[in-house]
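A.B. asks: One structure is given below, represented as structure tokens, and several questions about it will come after.
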Amino acid sequence: MNNYFQLVSDELLIKLAQTKQFIKKHNPTIGILTEEILRTFLKNYLSKSVSVEQGFILSKNGEMSKQCDILIYDSNNYAPFYRINDIVIVPDDSVIAIIEVKTTITKQIFHQVIDYFENICSITNAKKYLFIYNACKIEKLSDYFHSYNHKSEYQQFDHDTFQSLPDEITGLNNSFHLKKDHVVNDRDTMGYSSYFYDNVEGTEINALQNFYLSLYKLVENYHGNIIKTDRSTYYGQCNFKSYFAIELFDM
């Protein structure tokens, strides 16, 4: 099964290319379809103990989130407050993960994503993912972080604003998988590390497999980690490596 995720990532990119073949000049429609492509993948390959849908999160004080491209929530123990077609409104306690999906990324789009996750953090503590089909290089993404216009006079990220950033960022092509992290050298620095398997750094198989296994383990842990064998065992044993890729601020 070592090459399985290469086939799946190829399939996702082919479906995206098929969408663009017919819909060339209507970005909102392309965005909706790319979200559906990823939702379908996760519906098929995550445990049926959770639901994978789009919609909104309602907090206990009545505050409503912005619309979420992908909600992964506990549908066994929580029913939606409201459903119309494929859109749901769910309680904040039920949400396990939120995924924001982008076809491409620019500085403007990325800054909007930061604002979006700030709103989400005011509603729920669920884990936050950003998934980008056609991503920029990590160095460019770092520039986007550092050019963000903060709402206060202090124009850098700090511990509080760091909490509202996406916990993990996956690019499919250019391919990478980033996780929030910190390093301790001559100073304590917060930012993102790039995680990858030995000899597959910068490949779609690395990015998609890390993204999927992260979500799978998150769902397992939510349900008390009752699964005895780690899912990654079935996809071959690879050496796991990382490096500190994006520095944001000193502790």
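A.B. asks: Can you tell me which residues in the stretch 145-199 are among the β-branched types (Val, Ile, Thr), touching a strand residue (DSSP E or B) at 6+ places or on another chain (Cβ under 6 Å) and farther than 20 Å from ALA97 by Cα? It would help to see each step written out before you state the result.
C.D. replies: Narrowing the stretch 145-199 to residues among the β-branched types (Val, Ile, Thr): 161, 169-170, 183-184, 189.
Remaining after also requiring touching a strand residue (DSSP E or B) at 6+ places or on another chain (Cβ under 6 Å): 169-170, 183, 189.
Passing the criteria: VAL183, THR189.
A.B. asks: Yes or no: the stretch 113-131 includes at least one residue that is surrounded by 13 or more Cβ atoms within 10 Å (Cβ to Cβ) and farther than 30 Å from VAL50 by Cβ.
C.D. replies: No, the conditions are met nowhere in the stretch 113-131.
A.B. asks: With respect to ASN119, determine if the residue is in a loop (DSSP other than H, G, I, E, B), more than 22 Å from ASN206 (Cβ to Cβ) and over 13 Å from the mean Cα position of the chain (by Cα).
C.D. replies: Taking the combined requirement at face value, the residue does not satisfy it.
A.B. asks: Additional query: Any chance the stretch 69-79 includes a residue that's modelled with pLDDT under 90 and loosely packed, with under 12 Cβ neighbours inside 10 Å?
C.D. replies: Within the stretch 69-79, not a single residue is modelled with pLDDT under 90 and loosely packed, with under 12 Cβ neighbours inside 10 Å.
A.B. asks: List the helices (runs of 4 or more DSSP H) inside the stretch 132-251, counting only whole elements, that have at least 3 residues being buried (at least 19 other Cβ atoms within 10 Å of the Cβ) and modelled with pLDDT under 90.
C.D. replies: Fully inside the stretch 132-251 and qualifying: 204-222.
A.B. asks: Can you find a residue that is of a type in the set (Phe, Trp, Tyr), in contact (Cβ under 8 Å) with a residue 12 or more places away in the chain and more than 23 Å from ASN149 (Cβ to Cβ) anywhere in the stretch 102-117?
C.D. replies: Checked against the condition, which is being of a type in the set (Phe, Trp, Tyr), in contact (Cβ under 8 Å) with a residue 12 or more places away in the chain and more than 23 Å from ASN149 (Cβ to Cβ), the stretch 102-117 yields no hits at all.
A.B. asks: Could you tell me whether any residue of the stretch 28-42 is over 19 Å from the mean Cα position of the chain (by Cα) and part of a helix (DSSP H, G or I)?
C.D. replies: Taking every residue of the stretch 28-42 in turn, at least one turns out to be over 19 Å from the mean Cα position of the chain (by Cα) and part of a helix (DSSP H, G or I).
The values are calculated or read from the model by the stated rules, or taken from the named source; none is laboratory data. In this text, all values refer to a predicted model and were calculated from it rather than measured experimentally. With ideal geometry, Cβ positions are generated from the backbone for all residues, glycine too; neighbour counts draw on all protein chains shown.
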